[in-house]
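See structure below.
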């Protein structure tokens with residue numbers, strides 16, 4: 001969400017609205033989603049789920065091959081995917 005919001009400001013206004021933040025910003029929507037993830041026990045990062053740095057190449061390759069990234073609101077590169085995984089560690 002951070003990557004998308006940086007490249008396409010205002011993208012998450014509807015997410016904020018749907019989370020009860022009328023007129024909310026991207027940052028508020030992202031914070032609300034992060035809180036939701038923490039509240040349901042998913043805020044620990046990938047390391048907490050036994051993902052290792054050595055796994056990143058395989059994860060990036062798998063994400064690149066998955067057609068879902070092609071429908072992302074902004075185009076992403078393999079390096080973008082790597083940075084996303086690294087920040088999620």
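The values are calculated or read from the model by the stated rules, or taken from the named source; none is laboratory data. Source: prediction; values computed, not measured. Note: ideal-geometry Cβ built from the backbone for every residue, glycine included; neighbour counts use all protein chains shown.
Couple of notes before you dig in:
- One residue stands out among those in segment 38-71 that are closer than 20 Å to residue 2 by Cα and surrounded by 13 or more Cβ atoms within 10 Å (Cβ to Cβ): the one that is modelled with the lowest pLDDT, which is 69.
- Residue match in segment 14-22 (condition: touching a residue at least 12 places away in the same chain (Cβ under 8 Å), touching a helix residue (DSSP H, G or I) at 6+ places or on another chain (Cβ under 7 Å), surrounded by 11 or more Cβ atoms within 10 Å (Cβ to Cβ) and part of a helix (DSSP H, G or I)): yes
- Residue in segment 26-37 that is in contact with a helix residue (DSSP H, G or I) (Cβ under 7 Å, 6 or more places away or on another chain) and outside any helix (DSSP H, G or I) present: no
- For segment 50-80, a residue qualifies if it is in a helix (DSSP H, G or I) and under 20 Å from residue 12 (Cα atoms), and the qualifying residues are 68, 69, 70, 71, 80.
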